[in-house]
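What follows draws every value from the coordinates through simple rules; no lab data is involved. Since we're looking at a predicted model, the values are computed, not measured. Neighbour counts are summed over all protein chains in view; Cβ atoms, including those assigned to glycine, are modelled from backbone coordinates with ideal geometry.
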Amino acid sequence: MIKKESLLEEMRHYSCDIEEAAADYLITKVGVGPGPNLIELSRMLIQSHARRVFEQSVADSLVGVITLDDCIACLGRLDNLK
Amino acid sequence: MITTQNVNLRNVSGLLRLRGRESLFDGFSHANLCSDHSGDLQISIAGKSIDEIIYRIVMAFYQSGRALPLGNLTESAKVLQIVQEQSEIFGEAEEATRVLGHYGELHEAYREESNRRKVIELEKSRERMHDLINEGFSSLVGIEDVRAVVEDFAAMHFFNQVRQVQGKKPIPQTKHLVMVGNPGTGKTSVARIIARLYHEIGITTSSAITEVSRSDLIGDHIGATEKKCKAIFQEAQGGVLFIDEAYSLAVPNGTLGTVDYGKRVIDQLVVEAENKRLGLTIILAGYPLEMQSFLETNPGLRSRFPITINFADYGKEALEAILFSMLEEVDLEADFVAADGVEDFRQELAKAQRLPSFGNARWVRNYVESVTRDRARVAFRLSTDLSTDLGTQPSHRRVL
């Protein structure tokens, strides 16, 4: 089970800010049953965020905060892996 | 020998480039800091550091009401930092605050302009990446999963460019892949496209793809395997290393006694996949069941190859699309249709698909080659009237 503090710490390590509510949501969802480890989760989350940045306007990208949408996309990626 | 004539002291840019090379100024007593040679802004440089000289220049420019000739954002940022530091050393903070306020506006203007340009550059970069991906996959059928993986890596590459603008460090990504699929599902073709695309997008430094199989990696005596592997990993550095039928590495050597050279390759593969993960993309390819067993042979393999792309068997429609794409390449599409070739193709395909060794796109390629040979055979017949018959003779099917 992954703790929210660990996820925030991991994101800080990559200088990625994540919205508090988004982190809560993600942790609640992955905290049930067997799930990914912290490294896998972080990789998926950053990848999901990067994908959104790749699709949206550059000016918005420069804000660079991981949002709820990124977390939902991340969960979708994890589901695809199962 | 540096003289006041060839050291550009007219603007701060020249001095910034000379930071850390103070010894070049040994022996000079003063320098003319302005372009007009009027001598009105002379400053003694003997015994002064470059930073102090820059500081004095900025103060002198401010006091004289002149515009400070700074080239760009980086320079203005450096100069403002130097002014801050030097003013603290000399206890001139109050005066420096006014100077920093004045030139700080200039710096902000530079920053805004610089950001605006960077956003335009990023927009161009992203558009180019999308175009390259569209173009790269335009001729392929049924490769949505592959495309998604390449788009992910392009997205990460772009994301890192954005982070660079934000002054953040890039986030490194392991690009190693496993490709699993039956024969002829396009693993090798896609690996070649990935190698080219990664390079065009800027993810890798080379477009080269080194394609190897077990025999290229395994030596015939002790020490030879390590040497061969090392040379191949070295050769592939910067590009893509494609190991076809990678599962065969896990098959023990039957004829070489007790030495398992395949295991040595796997051990080295695990090490290189980790050590060279940022500069090399390794793709392991093979058939689904065999690859699944192979990835379990070493506990380190799975974690170093986190992404698996499944190449599904092509359906009938996809195979027909591949057929027409191949016929178009050899300019036989019209002939083939005129000779009712499509019906023949469907019948042959239905038979071939029942075989366990069915080769998907490779089977289609063989079929097209047989059609081409038949076409050539018709043209070669003495009875063929080249002026009339060539375009109307049916392309008979071949047994494949």
Check: Roughly how crowded by other chains is peptide A:39-49, in terms of the mean Cβ count from those chains within 10 Å of each of its Cβ atoms?
Finding: 3
Checklist line | Sequence of B:His157, A:His49, B:His130 once ranked by neighbouring C-beta atoms within 10 Å, starting from the fewest | finding: B:His130, B:His157, A:His49
Next item on the list: Scan around B:Ile282 for amide H atoms under 5 Å from its own, H built in the peptide plane at 1.01 Å from N, and keep only partners 5 or more places away or cross-chain.
Entry: B:His176, B:Leu177, B:Leu241
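Using 1/(1 + (r/R0)^6) with R0 = 60 angstrom and r between the beta carbons of B:Leu106 and B:Ser138, what's the FRET efficiency to the nearest 0.05?
On the way: r = 48 Å, r/R0 = 0.80.
My answer for the efficiency is 0.80.
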Next item on the list: List the lysines whose Cα lies under 17 Å from the Cα of A:Lys3, skipping any in the same chain that are fewer than 8 positions away.
Entry: A:Lys29
Note to self: With 10 angstrom as the radius, rank A:Ser15, B:Ser206 by how many other C-beta atoms surround their C-beta, starting from the fewest.
What the structure shows: A:Ser15, B:Ser206
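Let me confirm one metric for peptide B:161-172, namely the mean number of other chain beta-carbon atoms within 10 Å of its residues' beta-carbons.
Working: counts 3, 7, 8, 0, 4, 5, 1, 4, 2, 1, 10, 1.
For peptide B:161-172, the averaged partner shielding equals 4.
Would you mind checking B:Lys175/B:Lys263; B:Lys187/B:Lys263; A:Lys4/B:Lys276; B:Lys169/B:Lys230; B:Lys124/B:Lys276 for any pair whose Cα atoms are more than 26 angstrom apart?
Working: B:Lys175/B:Lys263 23 Å; B:Lys187/B:Lys263 24 Å; A:Lys4/B:Lys276 32 Å; B:Lys169/B:Lys230 31 Å; B:Lys124/B:Lys276 30 Å.
As for pairs spanning more than 26 Å Cα to Cα, those are A:Lys4/B:Lys276; B:Lys169/B:Lys230; B:Lys124/B:Lys276.
What is the fewest-to-most order of B:Phe137, B:Phe294 by other Cβ atoms lying within 10 Å of their Cβ?
Numbers: B:Phe137 18, B:Phe294 23.
Starting with the residue having the fewest Cβ neighbours, the order is B:Phe137, B:Phe294.
Shape verdict for segment B:316-386, please, from the Cα gyration tensor: rounded (a/c under 1.5), prolate (a/b greater than b/c) or oblate. Before the final figure, lay out each step's value.
Working: a/c = 2.21, a/b = 1.85, b/c = 1.19.
The shape class here is prolate.
So what is the 222 nm mean residue ellipticity for chain A from helices alone, if each DSSP H run of at least 4 adds -39500 (n - 2.57) and you divide by all residues, rounding to the nearest 500 deg cm²/dmol? Don't jump to the answer; show the numbers that get you there.
Numbers: 5 runs with 57 residues, N = 82.
The per-residue figure over chain A is -21500 deg cm²/dmol.
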